[in-house]
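Since the structure comes first, as structure tokens, the remarks are kept for the end.
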Amino acid sequence: MNRIDLEGEVAIVTGGAQGIGFAVARRLMDSGASVCLWDVDPSKLVEAREQLGNQCTTAVVDITKIEMVETAAKQVAENHGKISILVNSAGIAGLNTTVDKYPVDEWKKIIAINVDGTFFVNRTVIPYMKANAYGRIVNIASVAGKEGNPNASAYSASKAAVIGFTKSLGKELAGLDIAVNCITPAAARTRIFDQMSQEHIDFMLSKIPRGRFVEVEEVAAMIAWLVSRENSFTTAGVFDLSGGRATY
């Protein structure tokens, strides 16, 4: 494994107690960064802290609540003196059903977490990055945001929104040393699969030419470079980890 140099950097990883977020946190810490895990699940945060050790801190944060996001970010900045990296991994898949049967409350829940939460977290950390004239942001979208998965309209729409939002923000900050990019992975076998039907899981696998799901460590490897100082030019970009599925 290549070791990306992140010595002295301070990172926030949302959804960091499990799945992709946890793998990213571990990789960033292995690269020398101080990491704060944000997650809505207190028990999972305790487990994650036990595995990762004292180099990481934790905070119970519901990213759909702007006040919680702002309070947690202020605490990170006060404790570490800056916020230089944000990896926004928190998200949900939601139900698998057709649009005409999709529950309105479920739609609103997915949009609140995947879209509004992305906006709240990015909006909150940007002033800290501007204050230090440096920052790296990666928002985790999905190949579903490019292509649209049937029976997953809310998830697909929310991840398309994350792509568009990232492109917009990256252009806004392009004159600064603050890079904002997103990744569009194929599905990884994490707890998010618990929200999906087996039929939908089989459909996703059938679309991946490599014939397997992406490993969380593979996602973390790409993100480690994206949040490093070596990524000095690319911003407002979309990086594919779809195993050959994406056609653009």
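Computed quantities for the displayed model
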{"read-out": "Every residue from region 196-211 that is basic (Lys, Arg) and at pLDDT 85 or above", "value": "Arg210"}
{"read-out": "Single match in Thr64, Thr71, Thr57 (criterion: under 21 Å from Arg136 (Cβ atoms) and among the hydroxyl-bearing types (Ser, Thr, Tyr))", "value": "Thr57"}
{"read-out": "Scan of region 30-55 for residues that are within 24 Å of Ile92 (Cα to Cα) and among the hydrophobic types (A, V, I, L, M, F, W, C), ordered by number", "value": "Val35, Cys36, Leu37, Trp38, Val40, Leu45, Val46, Ala48, Leu52"}
{"read-out": "Qualifying helices (runs of 4 or more DSSP H) (wholly inside region 139-248; at least 1 residues being exposed (fewer than 15 other Cβ atoms within 10 Å of the Cβ) and of a type outside the set (Val, Ile, Thr))", "value": "153-172, 198-206, 216-226"}
{"read-out": "Hits in region 66-107 (condition: part of a loop (DSSP other than H, G, I, E, B), more than 25 Å from Thr184 (Cα to Cα) and under 22 Å from the mean Cα position of the chain (by Cα))", "value": "Lys82"}
{"read-out": "Residue within region 93-100 that is out of contact with any helix residue (DSSP H, G or I) (no Cβ under 6 Å at 6 or more places or on another chain), farther than 30 Å from Gly8 by Cβ and surrounded by 19 or more Cβ atoms within 10 Å (Cβ to Cβ) present", "value": "no"}
{"read-out": "Exclusive hit being over 25 Å from Ser197 (Cα atoms) and in contact with a Phe, Trp or Tyr (Cβ under 9 Å, 6 or more places away or on another chain), set Ile63, Ile85, Ile92", "value": "Ile63"}
{"read-out": "Matching residues, region 42-68, being within 20 Å of Val10 (Cβ to Cβ) and small (Gly, Ala, Ser)", "value": "Ala48, Gly53, Ala59"}
{"read-out": "Filtered residue count, region 174-212, keeping only those that are hydrophobic (A, V, I, L, M, F, W, C) and touching a Pro at 6+ places or on another chain (Cβ under 9 Å)", "value": "1"}
{"read-out": "Scan of region 10-19 for residues that are in a loop (DSSP other than H, G, I, E, B), surrounded by 24 or more Cβ atoms within 10 Å (Cβ to Cβ) and either charged (D, E, K, R) or in contact (Cβ under 8 Å) with a residue 60 or more places away in the chain (or both), ordered by number", "value": "Gly15, Gly16"}
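The values are calculated or read from the model by the stated rules, or taken from the named source; none is laboratory data. From a predicted model like this one, the values you see are computed outputs, not experimental measurements. Here the Cβ is made from the backbone with ideal geometry for all residues, glycine too, and neighbour counts use every protein chain on show.
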